[in-house]
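Following: one structure in structure tokens, then a few remarks.
The values are calculated or read from the model by the stated rules, or taken from the named source; none is laboratory data. Just so we're clear, the structure is a prediction, and the values are computed from it rather than from any experiment. Because the Cβ atoms are built from the backbone with ideal geometry, glycine has one as well, and the counts that use them run over all protein chains shown. Note: accessible area is taken over every heavy atom of the protein model, side chains too, but ligands, DNA and RNA are not part of it. Shrake-Rupley method; radii C 1.70, N 1.55, O 1.52, S 1.80 Å.
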Amino acid sequence: MLKKQTFALSIGVILAATGVMQSRRSLREWPIKDLARAVLTGPRVTATNGITGNAFCHSANFAGSCRLTRFKPSPPTCKALQPGLPGRLLCEWELAGSGHPDRRPTNNLAVVPIIINTGAALFPTLLAFLANIAALVFNPKALGRLLRQRWRLAVAVTASLAFVIFGAVPLLRTAPLSRTTASAGALSAGQINWAKVAEDLIAQEKLHQTAAVLAPAPASPAPANAVPADAPARTGQVAPASVSDAGMSPSGLTPLWRFQPEDGLFLGKPAIAGKRIYVSANQTDLGGYTGLLASLDLDTGKPLWQVTEIGKDALPPFFSSPAVTADGEFVIIGQGLHQDRDSSLLCFETATGKLHWAVKTQLHIESSPAIFGDMVVVGAGAIEGNDGKPVGDPGYVFAVRISDGKQLWKQAVNDPESSPAIDDAGIVYIGSGFNGKAVVALRSGSDDELREQKLDRLLWRTALAYPITAPVTLAGDLVIVGGGNGDMVHSDPNPQGLVVALNRKTGQVVWQTKFEDAVLGRIAVRDGMMLCPLRTGEVAALSVADGHILWRSRVSGTAPVLAGGALTKERAYVVSSDGYLVAFAASTGKMLEKVYLNDQGKPGSGLSISSPQVVGNRIVVGSETGGLRAFLGTGNAK
């Protein structure tokens, strides 16, 4: 009996040691940051329409639900769990839209952190080992006799086990998995290296900048520090934001350069002033995102400076787009995603990236700032509970003096996460979101000035049927806004949307055009026509005069169009949420050209919401997984 128990104990210890050795090898092959991230992301995952290539996915953040105009941190968006991988999740490729008939939507999945490549083989051996130990434990007399009579064997087995775990395993470790992009489809069914595919999905490859093959044509003449004409709301001009006088309509787009910080997610619209680009990005961190603000050379994409910390604190993430002052000295941006608190409005020196000032709020600032002279205006949005109602302050609009960072005034407005526009008289126009459903016009004079003139700050407020979260556009005497009951990530169960034109002086509705889902991106205007992004997956051209639809075109299947477009005399440029930059004929809506923006190995989760910028014969646009990209095209000056 004693010999059998001795043999069983020895075999069990050897099998357990083998399993532990294999487990250590599997874990060592997985970078500790990814291992920790897998544990922190949680056991439950909800699939969305459009899938990230990152196995831990950035739908927005790693906790909560997500809106982008009302941008909330969201659960990771993984798609499938592949058995046999050493603790890695494998995403199922699914892109919403045409061209992918073999890819079907995936619903809810239970994702269980596993350590396999070991599991299938280790489980039976552990079971056998535990059974033998149990047999001895439940017969303590036999166990005692075994230890007394075979103490040398027990010592030898223990020493061998320690050597295997702490000595032999490092010698047997295999080389780390490569972090270069791999295509599983290039291998036969029996040869797919699933572990390597999963590693490639998880790793965010850092692409090096690509030198331009073609010499870029000069941009339309402008002073070195001038703000481009398609951002007049940030300079106090009457002309609206997104009114374009671009002299060219680039075609035959060729990649020029790419700026891709590690794990970089570009949500905002880049600001371009002279030969510089100012752009924000979000980088994944354990459990969430941190922010990055950079200044780049327009011709090469080379970073001139980057800011990721203030003091010793990491920058919070950005949904807001940067704005540059008319003299080109400062760049201003709001902090925070939809669940963030205690965010700040930040002002940096454009020459160095040095922080000029920060004005803190208890809320978040997803609104993009508008500049008028030495004043910047922005909205601070509400923090909302599970019932959608504000927890604490419901939101406000505030103004700051740019030269010294002094707050000039503050006006209560429910959920002002729309981006404001300012006309030549200094009147501020901004939308009120899910707890406001209105457009408001505010006087921008100081409190003392308004008191002396016996004027209220609120000029008018027009209630509408749906939340107004899209940025405001001014066109002549009209205030044009889009809205609806959906958001950047979720369509409402009963989706509705609209575009409304209001009289700038009175707030009276001039016309409104309804759509089947929300209009969330900025509306671009040119030559009496406006370009409207639709959550239905289409782009619509409307008449500025009366709002009637000139044409509607689908962009990329059913993938929503969430970002505002760019409009030139000949072309309309639009980005679909699944990562396609598409050019249409401005007069007819005919699709002319289509370019993929995301990393080919990481298609994203439907958060390509950065608006394209046309600069001369180039287009600059951000993406979810492909970085900030510049394309060179041809086109005749108009």
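Under the simplified labelling scheme, the LYS505-ASP299 pair shows an inter-label distance of 4.9 nm, with each label point 7 Å from Cα along Cα→Cβ.
The 1.4 Å probe gives accessible areas that order HIS548, HIS338, largest first, as HIS548, HIS338. Around GLN335, with a cut-off of 10 angstrom between Cβ atoms, what is the net charge of the other residues, counting Lys and Arg +1 and Asp and Glu -1? Overall, the nearby charge balance is -2. For the stretch 537-554, the Karplus equation 6.51 cos²θ - 1.76 cosθ + 1.60, evaluated at θ = phi - 60°, returns couplings of x, 10, 10, 10, 9, 10, 7, 5, 5, 9, x, 6, 7, 7, 6, 9, 9, 7 Hz by residue, with Gly and Pro reported as x. In this structure TYR596 has an accessible area near 40 Å², from a 1.4 Å probe over the protein heavy atoms.
How many Å² of accessible area per residue for the stretch 238-382, probe 1.4 Å? Walk me through the numbers before you get to the answer.
Details: 4400 Å² over 145 residues.
Normalised by residue count, the accessible surface of the stretch 238-382 is 30 Å².
The candidates ARG552, ARG535, arranged from most to least accessible area with a 1.4 Å probe in the full protein assembly, appear as ARG552, ARG535. Under 9 Å from the Cβ of GLN496, count the other residues' Cβ atoms, weight Lys and Arg +1, Asp and Glu -1, and hand me the total. Around GLN496, the surrounding residues sum to -2.
Between SER543 and ASN435, the modelled labels are 4.1 nm apart [label points 7 Å from Cα along Cα→Cβ].
For the stretch 303-402, which whole percent of the accessible surface, found with a 1.4 angstrom probe, sits on carbon and sulfur atoms? C and S fraction of accessible area: 47 percent.
Rounded to the nearest whole Å², what accessible area per residue is found for the stretch 506-638 with the 1.4 Å probe? Intermediate values should be presented prior to the final figure.
Values: 3740 Å² over 133 residues.
Value returned for the stretch 506-638: 28 Å² of accessible area per residue.
Computed with a 1.4 Å probe over protein heavy atoms only, the accessible area of SER321 comes to about 10 Å².
Rolling a 1.4 Å probe over the protein heavy atoms leaves HIS356 with an accessible area of roughly 60 Å².
Can you give the FRET efficiency for GLU452 and LEU286, using 1/(1 + (r/R0)^6), R0 = 60 Å, r = Cβ-Cβ distance, to the nearest 0.05? Result of the calculation: an efficiency of 0.65.
Taking Cα centre as origin and charging only the Cβ of basic (Lys, Arg, +1) and acidic (Asp, Glu, -1) residues, the dipole magnitude of the stretch 285-354 rounds to 120 debye.
Apply the Kirkwood formula to the stretch 554-595: the hydrodynamic radius equals the inverse of the mean of 1/r over all pairs of different alpha-carbon atoms; give it in Å with one decimal. Before the final figure, lay out each step's value.
On the way: mean 1/r = 0.0984 Å⁻¹.
Averaging 1/r across every pair of different Cα atoms and inverting gives 10.2 Å.
Divide the volume of the convex hull around the Cα atoms of the stretch 439-537 by the residue count and you get 112 Å³ per residue.
The label point for GLN306 and the one for ASP393, both projected 7 Å from the Cα toward the Cβ, are 3.2 nm apart. Using a 1.4 Å probe on the protein chains only, how many percent of the accessible area of the stretch 541-638 belongs to carbon and sulfur? About 51 percent, which is the carbon plus sulfur part of the accessible surface.
Mind checking the full-extension length gain between ALA425 and LYS406? Use 0.36 nm per residue of separation minus the Cα-Cα distance, one decimal, nm. Spell out each step's value before the answer.
Details: separation 19, 0.36 × 19 = 6.84 nm, distance 2.15 nm.
Once the chain is fully extended between ALA425 and LYS406, it gains 4.7 nm.
Got a sec? What order do LEU363, LEU464 fall in by accessible area at 1.4 Å, biggest, i.e. largest, first? Can you show the working numbers first?
On the way: LEU363 5, LEU464 30 Å².
Reading off the accessible areas and sorting them downward yields LEU464, LEU363.
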